[in-house]
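Written out below as structure tokens is the structure these notes cover.
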Amino acid sequence: MARLGGSEHPSIQQIRLFLLLAEELHFGRAAARAFMAQPTFSRHIKTLERDLGVGLVDRTSRRVALSAAGEAMLERMRAVVGAMQELRREADAQAGSGRIVIGSFEAITSLPPIPAILDELRRRLPRLDVQVLRTGFDATETVSRGDVDAAFLFLPVPNGIRALPLDSGPRCAAMPADDPLAAEGPLALADLADREHIGWSDRIPKVY
């Protein structure tokens, strides 16, 4: 195919799309893998050819094949994408080279799955200094004040705190054996709303 006389630098997206086409040798299948309409996919490939100034694909009504130039440049394009991925990994590592302080409601970090989460965080971001700060019932307040970047604690949490549930389990209410509720099935917090609570103080959030 004749040289097209391009001068623009191709984008990494265009190169990725060309690599998909090189694998499939079919515009429809390659476009489907890219979650893209086929005409849009084809325009990207044509733009890549124009920007490089050389035809990469031989198109006929029956088949799609890489041109000689496309074959010659295939490995170089794979190397470009590989280098970009390595650059992304290095940037992510550098971005994770600071410090994060995580609050822990009492010894909650010893309960699964939290140890595995902390291990995975340290594995993914080995340069990140992960510090765990033990807190009490003021765990949500430490988040609001900015004393910690995040915290592991029990739900529910007050409004204004974004929470991601990690695990679930039963809670228990201790009461005298002759209490009418002692023989009941699972209780809701509303069932205990009119009961006195031992250890209640102004420092304990009402949601607990």
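Here are the numbers for the structure shown:
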item	result
Under 5 Å, built H, 5+ apart or other chain: amide partners of V57	S67
Mean Cα-pair separation over length for region 34-124, i.e. relative contact order, pairs under 8 Å, 6 or more apart, %	11 percent
S11 versus A150: modelled label distance in nm, points set 7 Å from Cα along the beta carbon direction	3.1 nm
Degrees between helix 68-95 axis and first principal axis of the chain (Cα, 0 to 90, nearest 10)	20 degrees
Length-normalised contact order of the chain in % [C-alpha pairs under 8 Å, at least 6 apart]	16 percent
Of all DSSP beta bridges in region 71-208, antiparallel share, percent nearest 5	0 percent
Karplus (6.51, -1.76, 1.60) ³J(HN,Hα), θ = phi - 60°, over region 48-63, in Hz, Gly and Pro reported as x	4, 4, 5, 5, 7, x, 8, x, 9, 10, 9, 10, 10, 5, 10, 8
Within the chain, helix-based [θ] at 222 nm, where runs of 4 or more DSSP H residues each add -39,500 (n - 2.57), nearest 500	-12500 deg cm²/dmol
Taking all pairs of distinct alpha-carbon atoms in the chain, Kirkwood radius in angstrom	23.0 Å
Fully extended contour minus Cα-Cα distance, from D119 to K46, at 0.36 nm per residue	21.6 nm
Ordering of 159-168, 55-64 by burial proxy (mean other Cβ atoms within 10 Å per residue, highest first)	55-64, 159-168
Ordering of 101-107, 182-188 by burial proxy (mean other Cβ atoms within 10 Å per residue, highest first)	101-107, 182-188
Computed lengthening from R78 to A91, 0.36 nm per intervening residue step minus Cα-Cα distance	2.7 nm
Computed lengthening from A190 to L133, 0.36 nm per intervening residue step minus Cα-Cα distance	17.3 nm
Cleavage-rule hits (GluC sites (Glu not before Pro)) in region 1-80: DSSP loop, at most 13 neighbouring Cβ within 10 angstrom	E8
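Only the coordinates and a few stated rules stand behind these numbers; no lab work does. Nothing here was measured: the structure is a model prediction, and the numbers come from that model. Because the Cβ atoms are built from the backbone with ideal geometry, glycine has one as well, and the counts that use them run over all protein chains shown.
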